[in-house]
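What follows is a single structure, written as structure tokens, with notes after it.
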Amino acid sequence: MARTLEQEKRRLKWTMIAPAVAFIGLMVVFPLAYTAWLSLTDAFGAVNADTRFLGLTNYADALGDTRRFWPAVGRTAVFTVAAVALELVLGLALAMLLRRPFRGMRWMRTILMIPLLATPVAVGVVWLLILDPTVGIANALLGLVGIPPQPFLGSAAQSLPTLVLIDVWQWTPMMTLLLLAGLTTLPEEPEEAALVDGATAWQRFRLVTLPMLGTTIVTALVLRSVDALKTFDLIYATKGAGGGSSYEAETLNVYAYGITFDYSEYGLAAAVLVLFTVLIIGIVVVLRIRSERAGS
């Protein structure tokens, strides 16, 4: 009787989790498997058209494309590293400033969250108006201090740095909130002991606070890095198809979108997306391994 009851519990458990497993299989596994299969075919023009198995030809074509694929990889890496590094430094500085209670703290935290409430497309449109070379307020302000007008997003050289700064403006509050949450969980005794021993504020931050905050920093880096790697809306809203006329802001996302919907090369686009997914998974694994080593 006891065994029958145990079997009934096991059956009920699998019955309860079956919808969740089916949902994951339908919404996550199937698209990934379909994309992987599509990357091995010559799908072109329409995804439901007759296709021919090509093996790894699309991967070879993508990896051999030195005109757009590898430059897009480089821009994706530069954009992600520069944006996340600036957001980490600024976010950590703001989190340290907001760590102690002060008058108006709730208002300050609310104001900090405003950029997070806007969609990337809305942010892109707003910054297009601000940075407009002729009527934008940015060049008007630069003119007040004697700096000549800048093309910003209209320049091949300045487009990517400008996009990095826009991303930093929008997502530094997120980094601040993550690090602030980590700071509030740290014990105060080690820092108080360092203060009694005569450590300066910088020494307490570098030798006490920063090591204890290591796990939180790595977690914030993983979350923001993955999000920055996937940036598409902001770049497309400000630079359009191809990331500009000279592909000056074309990242892997924009490149994959272009060959999918502009050229209908679904097989090649799927191969690029598979390579991009492998890149993201690799970065997450490396950061998690470093996090575990730092925590051990």
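The values are calculated or read from the model by the stated rules, or taken from the named source; none is laboratory data. Being a predicted model, the structure only gives us computed values, none of them experimental. No Cβ is skipped: glycine too gets one built from the backbone with ideal geometry, and neighbour counts run over all protein chains shown. Please note that ligands, DNA and RNA were not included when accessible areas were found on the heavy atoms of the full protein model with its side chains. Shrake-Rupley method; radii C 1.70, N 1.55, O 1.52, S 1.80 Å.
Of the residues 122, 193, 157, which is open to solvent by 60 Å² or more (accessible area, probe 1.4 Å) and not β-branched (Val, Ile, Thr)?
The unique qualifying residue is 157.
Scan the range 240-252 for residues that are open to solvent by less than 30 Å² (accessible area, probe 1.4 Å) and either touching a strand residue (DSSP E or B) at 6+ places or on another chain (Cβ under 7 Å) or part of a helix (DSSP H, G or I) (or both) and jot them down.
The answer is 242, 243, 252.
Out of 62, 46, 36, I need the residue that is of a type in the set (A, V, I, L, M) and over 28 Å from the mean Cα position of the chain (by Cα). Which one?
46
Among the residues in the range 135-142, are any open to solvent by 70 Å² or more (accessible area, probe 1.4 Å), modelled with pLDDT under 90, farther than 23 Å from residue 241 by Cβ and among the β-branched types (Val, Ile, Thr)?
Yes, some residue in the range 135-142 is open to solvent by 70 Å² or more (accessible area, probe 1.4 Å), modelled with pLDDT under 90, farther than 23 Å from residue 241 by Cβ and among the β-branched types (Val, Ile, Thr).
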